[in-house]
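Peer 1: To start, I am sharing the structure in question, which I have written as structure tokens.
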Amino acid sequence: MSLPPMSKKPLSSCCEKPAKVNMLARAVEGASRFYFCSHCGESCDLSQRRTPFKASTLSPTRKVTGERELFVKLWAKCKGRSQVSGEPLLPPEHPMFHAQGCHLLPKGSYQEDRLEEQNVVMTTVKEHTEEWPLVKEKTDEQIKAMGMAKWVPTVTLFRAMRLRYHQRLNAELSGRA
């Protein structure tokens, strides 16, 4: 891992992408690799760093949200395969497992739908990070023209969920809820 001249975040030596804290490794006594590449998921050994790195101020204790349990349940339900393409998913023990749970309605804006099973689709990391942002606001014709027809059912579900959310919100605001 190395740091570019003006970067405050550590970068992985394999992909030069940001390195993240591996919470699973922190829990294992004697583990020496506490970081992993956010791009490929490989462990990063801090002893190979060329420049000193200031330790993270993030607490190793994370607030339990219930997301991981939901992701594991959905992973088992789809038999470890992407619900979009059918490609194999990473196992729950992998440090990048969390990046496979794709919230259709963003969890920041639609917090009450964060743990709804219907709102989470299990996808590969690439599908979640590279493809989903491109297709979610496109029409079916645009998606097909992009060669990503596999996304049409998921985008249709996304539109229906967003419509239901806004209908629910309007009902609450008008006092009909």
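The values are calculated or read from the model by the stated rules, or taken from the named source; none is laboratory data. All figures in this text were calculated on a predicted structure; none of them were measured in a lab. Areas reflect the complete protein model, heavy atoms only, side chains present, ligands, DNA and RNA absent. Shrake-Rupley method; radii C 1.70, N 1.55, O 1.52, S 1.80 Å.
Peer 1: Cα convex hull of region 61-177: mean projected area in nm², to one decimal?
Peer 2: Directional mean of the projected Cα hull area for region 61-177 stands at 8.5 nm².
Peer 1: Something else about it: How many percent of the accessible area of region 74-163 is carbon or sulfur, using a 1.4 Å probe?
Peer 2: Details: 2560 of 4680 Å².
The C+S portion of the solvent-accessible surface of region 74-163 is 55 percent.
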